[in-house]
Each structure stands twice: as structure tokens, then as C-alpha cells.
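Please read the structure below before turning to the comments.
The values are calculated or read from the model by the stated rules, or taken from the named source; none is laboratory data. Keep in mind the model is a prediction, meaning the values are calculated, not measured. As a convention, Cβ positions derive from the backbone with ideal geometry for all residues, glycine included, and neighbour counts pool all protein chains shown. What goes into the accessible areas is simple: the full protein's heavy atoms, side chains included, and nothing from ligands, DNA or RNA. Shrake-Rupley method; radii C 1.70, N 1.55, O 1.52, S 1.80 Å.
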Amino acid sequence: MDDLTKCLYDFVRAKRMGSICQDPEYEEISRSVELQLKKVQQNMGTEQQMELRILLENLSAQSSIENEHLFQMSLKLARELSALVRAG
């Protein structure tokens with residue numbers, strides 16, 4: 001991701017994603033994840049909990065990378081659509 005795209009991405013995440021916390025679906029899945037994590041961790045030893053934490057961190061990192069690519073492709077699509085509108 002180039003510097004400008006990274007700046008735009010960071011701006012959108014910091015300034016334009018506040019509404020996600022008010023999304024009922026997001027709130028529901030967040031609660032569900034927290035409850036499920038507690039259930040799973042109840043019967044785990046310390047080492048297993050550490051391995052689970054690493055797995056979850058890696059999944060989160062993977063998802064972040066996917067979101068960054070989706071953002072980049074969205075910008076590219078917006079530029080292409082803008083070019084079509086100007087040409088038409």
C-alpha cells in the first residue's frame with residue numbers, strides 16, 4: 001500500500017468507522033465472540049490459552065490485510081468509475 005493510500009485508510013478507520021459500534025449486527029457478533037472465547041478458555045491450560053491467543057492474533061492480522069486490500073480495490077474502482085463518468 002503506498003503512503004497516500006495508507007493515509008486514507010488510516011483516516012477512514014479513525015474518523016469514519018465510528019458508526020460500526022452502533023451497528024446491531026457488529027455488537028451481536030462481538031458479544032458472541034467474547035462469550036465463545038470464555039467458554040473455550042475455561043477448559044484450557046496456560047499453554048493452550050497462549051496458543052489460542054496467538055491463533056486469534058494471526059487471524060486478526062490476516063483479516064486486517066484482507067481489509068487493506070479491499071480498501072485499495074475500492075479506491076481503484078472509484079477512480080475507474082469516476083473516469084467513466086467524466087468520459088461519458
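Averaging over every viewing direction, what projected area does the convex hull of the Cα atoms of the chain cover, in nm²?
Details: hull surface 32.4 nm².
The Cα convex hull of the chain, projected and averaged over all directions, gives 8.1 nm².
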Give the cross-link partners of Lys15 among the lysines, using a straight C-alpha distance below 30 Å as the criterion and excluding same-chain residues fewer than 8 apart. Lys6, Lys76
Take Met44, Met73 and sort them by solvent-accessible surface of the protein heavy atoms, 1.4 Å probe, largest at the top. Met73, Met44
Rolling a 1.4 angstrom probe over the protein chains, ignoring ligands and nucleic acids, what is the accessible area of Leu84 in square angstrom, nearest 10? 120 Å²
Leaving out ligands, DNA and RNA but keeping every protein chain, what accessible area does Met1 have, in Å² rounded to the nearest 10, with a 1.4 Å probe? 80 Å²
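Quick one: order Val40, Val33 from most to least accessible surface, probe 1.4 Å.
My answer, sorted largest first, is Val33, Val40.
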Charge-dipole axis of region 41-88 as Lys and Arg at +1 and Asp and Glu at -1 on Cβ define it, positive-most pick from Gln62, Val85, Ser74: Val85
